[in-house]
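The values are calculated or read from the model by the stated rules, or taken from the named source; none is laboratory data. Model, not experiment: these values are computed from the prediction. Every residue, glycine as well, gets a Cβ built from its backbone with ideal geometry; the counts of neighbours run over all protein chains shown. In case anyone asks, the SASA skips ligands and DNA or RNA and just uses the protein heavy atoms, side chains included. Shrake-Rupley method; radii C 1.70, N 1.55, O 1.52, S 1.80 Å.
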Amino acid sequence: HRCIRALTTLQKDPAAPQQYSSIQRRTCSSVSTTRITTHYTIHPRDKDARWEGMEMERFADEADVVIVGGGPAGLSAAIRLKQLANEQEKELRVCLVEKAPQIGAHTLSGACLEPSALVELFPDWKERGASISICVAPLHTPVTEDVFSIFTEKHRIPIPILPGLPMQNHGNYIVRLGNLVRWLGEQAEELGVEIYPGYAAAEVLFHEDGSVKGIATNDVGIAKDGSPKDTFERGMELHAKVTMFGEGCHGHLAKQLYKQFNLRENCEPQTYAIGLKELWMIDEKKWKPGRTEHSVGWPLDRHTYGGSFLYHLNEGEPLVALGFVVGLDYSNPYLSPFREFQRWKHHPFVASTLEGGQRIAYGARALNEGGFQCIPKLTFPGGLLIGCSPGFMNVPKIKGTHTAMKSGILAAEAIFPKVTAENLDSETAGLHIAEYSDNLKNSSVWKELHSVRNIRPSFHNYFGLYGGMVYTGIFYWILRGKEPWTLKHRGLDANQLKPAKDCKPIEYPKPDGKISFDLLSSVALSGTNHEGDQPAHLTLKDDRIPVETNLAIYDGPEQRFCPAGVYEYVPVETGDGMRLQINAQNCVHCKTCDIKDPSQNINWVVPEGGGGPAYNG
């Protein structure tokens with residue numbers, strides 16, 4: 001504990017300038033004419049003469065349970081563990097590390113929350129807040145109206161929401177999810193959870209027997225060229241009986257664990273989407289608190305999975321949260337999810353709400369869409385996976401917070417009796433909590449995901465969107481997921497792009513600066529900031545592949561699928577040709593590049609703790 005406090009002082013240099021270069025298009029500090037990637041995960045330090053003689057020992061600390069990730073799943077798990085410990089008057093040290101500088105800062109605004117897991121965690125959530133130290137739960141907007149539409153370019157076709165269909169939101173709440181996560185963080189600290197924001201878990205540690213020992217936070221004080229600075233400090237090791245990984249969608253440590261323990265052996269590859277969101281202040285006359293609007297169709301073609309939402313919040317101001325989701329199994333390398341989002345806002349049904357308003361926030365994040373077919377093995381010696389890391393999102397509902405929270409609760413209830421037992425009966429040094437998988441398979445999460453398992457893959461047909469809607473209307477509404485077959489997804493999203501020569505370029509309209517906007521002014525609203533003098537955390541396994549493969553065959557799709565302007569192809573400094581420039585300081589940590597790169601050459605790793613977006617709720 002004292003070691004972490006000391007490391008906090010070293011990591012947060014008050015004299016360091018805040019450089020919001022994410023709104024600038026310039027030669028990135030992470031790019032060299034000879035080497036793009038300088039990160040030690042690609043170029044080991046033990047082979048670099050500049051690191052000879054450096055002190056590489058790390059401080060270590062012990063906890064009963066370590067949790068990676070301060071999102072809904074991780075915080076729910078931490079809260080439930082401490083609730084059980086307090087109820088049974090047992091000592092239990094729970095430590096949670098989060099890469100964002102504050103809890104909730106990397107959580108995008110705008111969600112429709114099904115409150116079942118929150119009620120289970122805090123039956124009195126509506127009354128909590130009597131204590132001066134704890135604010136009232138930020139659920140102010142019960143859903144009062146649902147609207148669902150199919151868009152054509154100029155018109156809207158209203159679709160009735162039949163009882164029992166996933167899009168029905170009666171009893172749910174529209175929330176600013178970052179505020180909810182912050183509130184959960186306050187509850188956790190009140191119960192005695194040790195929370196360390198600004199610490200990115202960079203490495204999984206293992207016992208000699210192969211079981212997980214814990215995690216190590218990232219090193220700090222490394223220059224952009226990969227050399228140690230005078231301020232270099234090693235990260236810290238946190239050891240535990242059980243380590244819970246709740247990093248969110250496509251966690252970089254979870255990727256390592258999948259390979260280490262072969263966790264995806266008996267499931268399909270995960271399939272994803274990218275969700276882009278904005279927060280607007282609108283004309284009060286157009287404000288309808290509690291109203292949810294969803295649409296499918298234009299501007300996407302029928303073979304590109306996606307849709308939109310627009311939620312009217314009741315936060316004392318006329319706020320709306322709106323977003324656009326594009327399935328990352330799309331095939332045209334010229335498609336830009338960001339520009340599709342901007343184009344969608346010009347639909348008459350949407351523009352009429354936004355006209356005269358002001359955009360105040362922007363962000364993006366990848367989403368798990370594979371559902372039931374893509375759930376990996378959840379447990380392994382010394383650890384387990386919770387939340388959106390393994391992927392419990394209910395895609396037809398566009399909801400995953402309640403299932404993520406429930407998974408954290410179930411994991412905590414399986415872990416507690418094991419870590420508090422007087423005699424630890426374990427074949428490995430790290431405890432294997434197999435009961436968690438069994439409990440989850442007997443829970444509402446498993447039942448819910450099984451019932452909707454065929455809706456997302458049903459869109460892979462000749463009629464695309466329309467065939468999927470017909471399937472949902474017939475089989476889900478009537479059979480409620482009890483059909484005796486399970487459809488399959490297409491496979492890895494990275495394998496779905498067609499060569500550029502086989503696709504038609506998409507001509508996007510220029511932004512008007514009133515309803516639609518350019519990319520860099522959007523990134524500026526995300527509050528994104530990284531220390532400039534550090535190796536790019538968007539690493540390339542081979543620096544030659546972007547030009548030789550991605551640009552040559554797919555016309556550089558990373559320029560378009562990235563929602564933050566991180567990747568650009570620019571002319572080389574001397575002679576003819578192009579090179580990839582990585583503007584790492586722009587990165588909003590969405591993970592889309594790691595997922596969609598057709599060469600699977602990009603590996604996203606954590607930057608120095610505290611870097612990334614600064615979402616305001």
Handout entry: Fully extended contour minus Cα-Cα distance, from Asn86 to Leu162, at 0.36 nm per residue
Key = 22.9 nm
Exercise for the section: Determine the sum of side-chain charges near Leu205: Lys and Arg each +1, Asp and Glu each -1, restricted to other residues whose C-beta is under 15 angstrom from that of Leu205. Expected result: -4
Handout entry: Net charge over other residues, Cβ less than 9 angstrom from the Cβ of Gly248 (K, R count +1; D, E count -1)
Key = +1
Handout entry: Backbone N within the stretch 206-232 under 17 Å of label point (7 Å from Glu52 Cα along the Cβ vector)
Key = 227-228
Practice task
Could you work out how far apart the two model spin labels at Trp477 and Phe349 are, taking each label as a point 7 Å from the Cα in the direction of the beta carbon, and quote it in nm?
Solution key: 1.7
Exercise for the section: For Arg45 paired with Asp230, estimate the spin-label separation in nm (one decimal), with each label point 7 Å from Cα along the Cα-to-Cβ line. Expected result: 1.9
Exercise for the section: Using a cut-off of under 12 Å, list every residue of the stretch 313-331 whose amide N is near the label point 7 Å from the Cα of Glu284 along the Cα-to-beta-carbon line. Expected result: 316-319
Completion exercise
Candidate cut points under trypsin sites (Lys or Arg not before Pro) in the stretch 98-183, DSSP loop plus at most 15 other Cβ atoms within 10 Å of their own Cβ, are Lys126, Lys154
Exercise for the section: State to the nearest 20 debye the size of the charge dipole of the chain about its Cα centre, where the only charges are +1 on K and R beta carbons and -1 on D and E beta carbons. Expected result: 1880
Practice task
Sort the stretch 184-235 into rounded, prolate or oblate with this rule: let a ≥ b ≥ c be the square roots of the eigenvalues of the Cα gyration tensor; rounded if a/c is under 1.5, and if a/c is not under 1.5, prolate when a/b is larger than b/c, oblate otherwise.
Solution key: oblate
Fill in the blank from the handout: DSSP beta bridges in the chain: the antiparallel percent, rounded to 5, is 70
Exercise for the section: Determine the calculated [θ] at 222 nm for the chain from helices alone, applying -39500 (n - 2.57) to every DSSP H run no shorter than 4 residues and normalising by the residue count; nearest 500 deg cm²/dmol. Expected result: -6000 deg cm²/dmol
Completion exercise
Within the under-10-Å Cβ sphere about Ser76, not counting Ser76, Lys/Arg +1 and Asp/Glu -1 give a net charge of +1
Practice task
Report Rg(Cα)/(2.2 N^0.38 Å) for the chain, keeping two decimals.
Solution key: 0.93
Problem - Solvent-accessible heavy-atom area per residue, rounded to whole Å², over the chain at 1.4 Å - result: 41
Completion exercise
In the chain the accessible area split gives carbon plus sulfur, as whole percent at 1.4 Å, a share of 52
Handout entry: Mean Cα-pair separation over length for the stretch 518-604, i.e. relative contact order, pairs under 8 Å, 6 or more apart, %
Key = 36
Problem - Cross-link pairs beyond the 19 Å C-alpha cut-off, checked among Lys406/Lys482; Lys259/Lys377; Lys286/Lys345; Lys229/Lys591; Lys277/Lys397 - result: Lys406/Lys482; Lys229/Lys591
Exercise for the section: For Thr486, put the label point 7 Å out on the Cα→Cβ axis and report which residues of the stretch 379-414 keep their amide N under 11 Å from it. Expected result: none
Practice task
With 26 Å as the limit, write out which pairs from Lys99/Lys255; Lys224/Lys501; Lys82/Lys441 have Cα-Cα distances beyond it, or answer none.
Solution key: Lys224/Lys501
Handout entry: Cβ crowding within 10 Å averaged over residues, with 294-303, 526-535 ranked highest first
Key = 526-535, 294-303
